[in-house]
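Student: One structure follows; several queries about it will come next.
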Amino acid sequence: MDEQDGGPLLLARFLPYRLSVLANRASSTLAGQYSQRFGLSIPQWRVIAVLANEPGISAVEVAERTAMDEVAVSRAVATLHRDGRIDRRPDAADGRRSRLALSAAGQAVYAEVVPLARRFERRLSSALPPADRRALDRILDLLLKELSPAVAGPEEASPSSRIIDDRTN
């Protein structure tokens with residue numbers, strides 16, 4: 001009996017599992033570089049990367065953009081703030097929230113990590129011929145669209161069922 005007919009689920013061939021393993025391996029490999037040099041965790045790097053492109057957003061918005069758990073984002077924000085890598089200012093419209101931005105120290109870290117990340121991406125991409133890279137981009141876009149909160153039902157879109165976990169870059 002094959003998997004299509006309800007046979008055994010072969011985890012090594014199960015697409016969500018394979019995507020997770022690939023993402024975790026890629027994240028861990030890249031994280032090894034910026035962790036040693038800058039003492040950053042994967043969630044901390046993600047917060048920095050998002051804030052570099054969208055200064056002034058809240059931690060909740062960072063969590064939405066990265067598909068990370070809000071608790072992981074909150075811990076990363078607290079550490080980055082303590083280390084002087086991000087600045088917080090109260091939200092004028094909602095006093096319960098803070099607006100986040102990179103400090104000069106955070107901008108300096110971002111400027112040094114980006115070339116590492118781009119080199120790693122080129123290395124990983126070089127394993128594929130150009131046509132396969134374009135196909136992979138299209139496939140990833142389709143899968144991400146299929147699983148976007150706007151397409152998924154409320155159960156699938158809940159933070160506890162996020163596709164990208166906190167270890168993924």
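Student: Roll a 1.4 Å probe over the protein heavy atoms and report the accessible area of Glu146 in Å², nearest 10.
Tutor: Rounded to the nearest 10, that gives 120 Å².
Student: Would you please give the FRET efficiency between Ala78 and Glu54, computed as 1/(1 + (r/R0)^6) with r the Cβ-Cβ distance and R0 = 22 Å, to the nearest 0.05?
Tutor: Values: r = 19 Å, r/R0 = 0.87.
Approximately 0.70, to the nearest 0.05.
Student: In nm, to one decimal, how far is the modelled label at Arg13 from the one at Asp91, with both set 7 Å along Cα→Cβ?
Tutor: 4.7 nm
Student: What does the charge dipole of the chain about its Cα centre add up to, to the nearest 20 debye, if the Cβ of each Lys and Arg holds +1 and the Cβ of each Asp and Glu holds -1? Mind showing how you got there, number by number?
Tutor: Values: 24 positive and 22 negative charges, 173 e Å.
Using Cβ point charges on Lys, Arg, Asp and Glu, the chain gives about 840 debye.
Student: Once you have the Cα-Cα distance between Leu128 and Val21, take 0.36 nm times their residue separation minus that, and quote the gain in nm to one decimal.
Tutor: That works out to 36.7 nm of additional length.
Student: May I ask for the angle, rounded to the nearest 10°, between helix 130-146 and the longest principal axis of the chain, with both axes built from Cα atoms and the value confined to 0 to 90°?
Tutor: On a 0 to 90 degree scale, this one is about 80.
Student: Quick one: among Gly39, Gly106, Gly56, which has the greatest mean-square fluctuation in a GNM of the chain with alpha-carbon springs under 10 angstrom?
Tutor: Result: Gly39 has the largest fluctuation of those listed.
Student: Let me ask another. Going by a ≥ b ≥ c, the root eigenvalues of the Cα gyration tensor, does the stretch 1-124 fall in the rounded group (a/c under 1.5), the prolate group (a/b larger than b/c) or the oblate group? Walk me through the numbers before you get to the answer.
Tutor: Working: a/c = 3.12, a/b = 1.68, b/c = 1.86.
It comes out oblate by the Cα gyration axes.
Student: Another one. Rank Val60, Val113, Val21 by mean-square fluctuation in a GNM of the chain with C-alpha springs under 10 angstrom and give only the top-ranked residue.
Tutor: Val21
Student: Quick one: among Ser28, Ser126, Ser103, which has the greatest mean-square fluctuation in a GNM of the chain with alpha-carbon springs under 10 angstrom?
Tutor: Answer for the Gaussian network model of the chain: Ser126.
Student: Count charges around Gly56 for me, please; just the other residues with Cβ under 15 Å from its Cβ, Lys/Arg as +1, Asp/Glu as -1. Could the numbers behind the result be given before it?
Tutor: On the way: positive: Arg65, Arg88, Arg89, Arg97, Arg99; negative: Glu54, Glu61, Glu64, Asp87, Asp91, Asp94.
Here the charged neighbours net out to -1.
Student: Another question, if that's okay. Given labels modelled 7 Å from the Cα in the Cβ direction, how far is it in nm from Leu136 to Glu64?
Tutor: According to this spin-label approximation, the distance is 3.0 nm.
Student: So, taking all protein chains as they sit and a 1.4 Å probe, how much accessible area belongs to Ser41, in Å² rounded to tens?
Tutor: 50 Å²
The values are calculated or read from the model by the stated rules, or taken from the named source; none is laboratory data. Everything numeric in this text was worked out from a predicted model, so none of it was measured. We place every Cβ from the backbone using ideal geometry, glycine too, and count neighbours over all the protein chains shown. Accessible surface is based on the protein model in full, side chains and every heavy atom, while ligands, DNA and RNA are left aside. Shrake-Rupley method; radii C 1.70, N 1.55, O 1.52, S 1.80 Å.
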